[in-house]
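**Q** Could you have a look at this structure, given as structure tokens, before my questions?
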Number of protein chains: 2
Amino acid sequence: MSNRQILIDSLPTGALAEDHFRAEDGSMPEPGDGQALCQTLAISIDAGARAGLQGSASYAGAPRTGIVMNGSTVSRIVSSNDPAYKEGDLVSAPSGWQEYAAHDTRLLSPLPDIEDPAAYLGVLGGTGLTAYFGLFEIGKPKAGETLVVSAAAGAVGHLVGQMARIHGCRAVGIAGSDAKCDRLVSELGFDAAVNYREDNFRQMLKEACPEGIDVYFDNTGGDVLGTALFRMNENGRIVCCGVVSQYDTTNPAPGPRGVPGLLVNKRLTMQGFLVFDFLDQYEAARNVMLEWLEQGQLVAWQDQFDGLDSAPRAFVDLLAGGNTGKRIVRVAS
Amino acid sequence: MSNRQILIDSLPTGALAEDHFRAEDGSMPEPGDGQALCQTLAISIDAGARAGLQGSASYAGAPRTGIVMNGSTVSRIVSSNDPAYKEGDLVSAPSGWQEYAAHDTRLLSPLPDIEDPAAYLGVLGGTGLTAYFGLFEIGKPKAGETLVVSAAAGAVGHLVGQMARIHGCRAVGIAGSDAKCDRLVSELGFDAAVNYREDNFRQMLKEACPEGIDVYFDNTGGDVLGTALFRMNENGRIVCCGVVSQYDTTNPAPGPRGVPGLLVNKRLTMQGFLVFDFLDQYEAARNVMLEWLEQGQLVAWQDQFDGLDSAPRAFVDLLAGGNTGKRIVRVAS
């Protein structure tokens, strides 16, 4: 029995391409003491992982070649040397892009079985929790305020806008195509959505936010952040969640004009966060989101590629804005 | 009797110069109903007023020529049509650069008489309060943490560093000359001070902060902000107080690289504020600072020019970094 793996073959110096990865048939790992063998069911494809392939500082550490590409998965236990985990158990596992991995069980989190376990990579996983804590703990929206979210059709963004609406805010999305914008409004109930690739994007954003912006949830950085910054209301909050405009390059853009001048004049707050900071509130947040899902107030979009070998394509396309909702690679069922 | 005034003669398109102002002998104002005639004792010279001479947005509103240059003063009542104010009373008055002004008394704040009323423009006025609330309410330093302040020999900066030390922090100043740096350490007890004009400024700042930066109090923006940003510790706070590097130009620099990427990776907060937000706590803060002054824990530097006609020179020189401590123009005693 072999273990199909996708390795980092070379580090990108410009835009990432599929041939920065290579597939190999490795040998089946043997779980040691206190370990379990996990079969990958689905892999989370995250724009943030691109930062880990850069030489610059990132919370993922320094990049290397010849290793399996990293990524969160939902996996099923095949065999276990820890009595707390048994064959067939569903777990969250940091297996990366491969069919099987042996892990110390302290690296696993047990998951309740549900109809589609891949939901634990999206709305019920780090993605949904990032949207939830970023919006409510960092953005601190009040009912009646205007929230704007960039990469609004993305994994985090499409949830943020819906949660803001549930909370009583006006929700405006920024996305990269008219088709995405249409779906945000017609399918998810966003109050407005604006295509940042249009020449008159600034004017369109202004019209979509007639009372200015109180909370800007930034998944992109770059020019989109710069534009939103100039529409912020006094005492506005900018949630710094991701920098997708800057990941796929070795020459990041300078920061937006208006930093720090506008922060002073308008008393703005810009705050970065990582979802892990809210670990002790995960369960409570998941329960709230589950209730919204059951009531149909929250809709989770999934954007699926099939087969492990599709992972490089799924990732490169994601960085170009090809996804709508949470992108995953389905490896096994 | 005449009223000497300094007017805005033209708006700067590049660096501000003395000849953007002109002096005139106006007529003595007559206080109307509910007004008082105020004689200017001393004028506060603030870098932030430079922003008000730019076409861009500022909390001071749009700039105009042919009007008296704005500025806070300490003044004495000459005559009054409001029984709540009487001849000889000391007040804070928004008179700007002139010897006399008639004001609606609701624009005045009564001040207790002290040996040098000009202290109400510095440590006991908006300057000291800005240092106090910016540091404690926005920066939220903890004992043992490292605080860095830019424009550290300036009106706000020299107070911020001392307050941080009183609070148990390591205080590091950034200033524009070796002489200023020496005085910060030897006279005010800063733990270290670094000259940003030195070629190896980055390395010097790193060595002055061996445990990184927890709170960065930014009075400058620009490259100094960019450099400090890369030394911030996780969960660090950047207090956005002023942008002196950007005031004296019509072409502000782009924002620092690392915004928003580093804010995400290091969970940093950047927050702007205006001192007026803390109006209800002014008295309590003044009492704390008065106690520190009396105990000799806090030293307030005053940097004085004499005579109303020196105001343009005092202002232009301030923007070039010529001041050490709080710059005022003494008009009368």
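**Q** Assess whether A:Ser75 counts as being touching a Ser or Thr at 6+ places or on another chain (Cβ under 7 Å) and either at pLDDT below 95 or surrounded by 18 or more Cβ atoms within 10 Å (Cβ to Cβ) (or both). First the steps, then the outcome.
**A** Working: touching a Ser or Thr at 6+ places or on another chain (Cβ under 7 Å): yes; either at pLDDT below 95 or surrounded by 18 or more Cβ atoms within 10 Å (Cβ to Cβ) (or both): yes.
Judged against the criteria, A:Ser75 is a match.
**Q** With the condition kept exactly as written, say whether any residue in the stretch B:240-253 is facing another protein chain (nearest Cβ under 9 Å), touching a Cys at 6+ places or on another chain (Cβ under 7 Å) and more than 30 Å from B:Leu7 (Cα to Cα).
**A** No: zero hits.
**Q** Here is a list of conditions, (1) assigned to a helix (DSSP H, G or I); (2) crowded, with 16+ Cβ neighbours inside 10 Å; (3) among the aliphatic types (A, V, I, L, M); (4) modelled with pLDDT of 95 or more, and A:Val264 meets all of them except one; can you say which number that is?
**A** (4)
**Q** Turning to a different aspect of this structure: Tally the residues that are surrounded by 24 or more Cβ atoms within 10 Å (Cβ to Cβ) and hydroxyl-bearing (Ser, Thr, Tyr), restricting the search to the stretch B:31-44.
**A** Final tally of qualifying residues: 1.
**Q** Kindly indicate whether any position in the stretch A:165-174 is under 29 Å from A:Asp306 (Cα atoms), of a type in the set (A, V, I, L, M, F, W, C) and either in the same structural domain as A:Leu229 (by TED's automatic domain parsing) or at pLDDT below 95 (or both).
**A** Of the stretch A:165-174, the ones under 29 Å from A:Asp306 (Cα atoms) are A:173-174.
Still in the list and also of a type in the set (A, V, I, L, M, F, W, C): A:174.
If we keep only those that are either in the same structural domain as A:Leu229 (by TED's automatic domain parsing) or at pLDDT below 95 (or both) too, we end up with A:174.
Yes; the residues of the stretch A:165-174 include at least one that is under 29 Å from A:Asp306 (Cα atoms), of a type in the set (A, V, I, L, M, F, W, C) and either in the same structural domain as A:Leu229 (by TED's automatic domain parsing) or at pLDDT below 95 (or both).
**Q** Given the condition within 14 Å of chain A (Cβ to nearest Cβ) and either small (Gly, Ala, Ser) or farther than 25 Å from B:Leu124 by Cβ (or both), answer yes or no: does some residue in the stretch B:76-89 qualify? I'd like the intermediate steps shown before the answer.
**A** Narrowing the stretch B:76-89 to residues within 14 Å of chain A (Cβ to nearest Cβ): none.
Scanning the stretch B:76-89 turns up no residue that is within 14 Å of chain A (Cβ to nearest Cβ) and either small (Gly, Ala, Ser) or farther than 25 Å from B:Leu124 by Cβ (or both).
**Q** Checking the condition in the same structural domain as A:Gln271 (by TED's automatic domain parsing) and over 24 Å from B:Arg257 (Cβ atoms), which residue from A:Asp178, A:Asp218, A:Asp223 passes? Before the answer, list the steps.
**A** Working: A:Asp218 fails: over 24 Å from B:Arg257 (Cβ atoms); A:Asp223 fails: over 24 Å from B:Arg257 (Cβ atoms).
Every option except A:Asp178 fails the conditions.
**Q** I need every pair where a residue in the stretch A:195-206 that is closer than 18 Å to A:Leu229 by Cβ and assigned by TED's automatic domain parsing to the domain that holds A:Gly154 has its Cβ under 6 Å from the Cβ of a residue that is crowded, with 18+ Cβ neighbours inside 10 Å and of a type outside the set (Gly, Ala, Ser), sequence separation at least 6 or different chains.
**A** As it stands, the answer is A:Tyr196/A:Ile174; A:Tyr196/A:Val224; A:Arg202/A:Thr227; A:Met204/A:Val194; A:Leu205/A:Val194, since those pairs meet every condition given.
**Q** Can you work out which of the residues in the stretch B:3-30 that are touching a Leu at 6+ places or on another chain (Cβ under 7 Å) and surrounded by fewer than 15 Cβ atoms within 10 Å (Cβ to Cβ) is nearest to B:Thr249 (Cα to Cα)?
**A** The extreme case among them is B:Leu11.
**Q** Oh, and also: Can you run down the residue pairs with Cβ atoms below 6 Å, 6 or more apart or on separate chains, where the first is in the stretch B:288-302 and in a helix (DSSP H, G or I) and the partner is modelled with pLDDT of 95 or more and among the hydrophobic types (A, V, I, L, M, F, W, C)?
**A** Pairs found: B:Trp292/B:Leu298.
**Q** Consider A:Phe278 carefully, then state whether it is in contact with a helix residue (DSSP H, G or I) (Cβ under 8 Å, 6 or more places away or on another chain), outside any loop (DSSP other than H, G, I, E, B) and either more than 21 Å from A:Ala51 (Cβ to Cβ) or within 12 Å of chain B (Cβ to nearest Cβ) (or both).
**A** Values: in contact with a helix residue (DSSP H, G or I) (Cβ under 8 Å, 6 or more places away or on another chain): yes; outside any loop (DSSP other than H, G, I, E, B): yes; either more than 21 Å from A:Ala51 (Cβ to Cβ) or within 12 Å of chain B (Cβ to nearest Cβ) (or both): yes.
Yes: the conditions hold for A:Phe278.
**Q** Quick test for you: out of B:Gly134, B:Gly139, B:Gly161, B:Gly154, pick the one residue that is out of contact with any Phe, Trp or Tyr (no Cβ under 8 Å at 6 or more places or on another chain), modelled with pLDDT of 95 or more and under 23 Å from B:Cys181 (Cα atoms). Lay out the reasoning, then the answer.
**A** On the way: B:Gly134 fails: out of contact with any Phe, Trp or Tyr (no Cβ under 8 Å at 6 or more places or on another chain); B:Gly139 fails: out of contact with any Phe, Trp or Tyr (no Cβ under 8 Å at 6 or more places or on another chain); B:Gly161 fails: out of contact with any Phe, Trp or Tyr (no Cβ under 8 Å at 6 or more places or on another chain).
Testing whether each residue is out of contact with any Phe, Trp or Tyr (no Cβ under 8 Å at 6 or more places or on another chain), modelled with pLDDT of 95 or more and under 23 Å from B:Cys181 (Cα atoms) leaves just B:Gly154.
**Q** Additional query: In the stretch B:208-231, which residues are outside any helix (DSSP H, G or I), more than 9 Å from chain A (Cβ to nearest Cβ) and of a type in the set (D, E, K, R)?
**A** B:Glu211, B:Asp214, B:Arg231 - these are the residues of the stretch B:208-231 that are outside any helix (DSSP H, G or I), more than 9 Å from chain A (Cβ to nearest Cβ) and of a type in the set (D, E, K, R).
A quick yes/no check of all residues on (1) of a type in the set (A, V, I, L, M, F, W, C); (2) part of a loop (DSSP other than H, G, I, E, B):
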residue	(1), (2)
A:Asn233	no, no
A:Val239	yes, no
A:Ser245	no, no
A:Arg257	no, yes
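**Q** Tell me, which residue of the stretch B:143-188 that is more than 16 Å from the chain's Cα centre (by Cα) and part of a loop (DSSP other than H, G, I, E, B) is surrounded by the fewest Cβ atoms within 10 Å (Cβ to Cβ)?
**A** B:Ala143
**Q** Taking the stretch A:202-221, which residues are crowded, with 21+ Cβ neighbours inside 10 Å and in contact with a helix residue (DSSP H, G or I) (Cβ under 8 Å, 6 or more places away or on another chain)?
**A** Within the stretch A:202-221, A:Leu205, A:Ile213, A:Val215, A:Tyr216, A:Phe217, A:Asp218, A:Asn219, A:Thr220, A:Gly221 meet the criteria.
The values are calculated or read from the model by the stated rules, or taken from the named source; none is laboratory data. Quantities reported herein were computed from a predicted structural model and do not represent experimental measurements. Cβ sites come from the backbone with ideal geometry, for glycine too, and all protein chains shown count toward neighbours.
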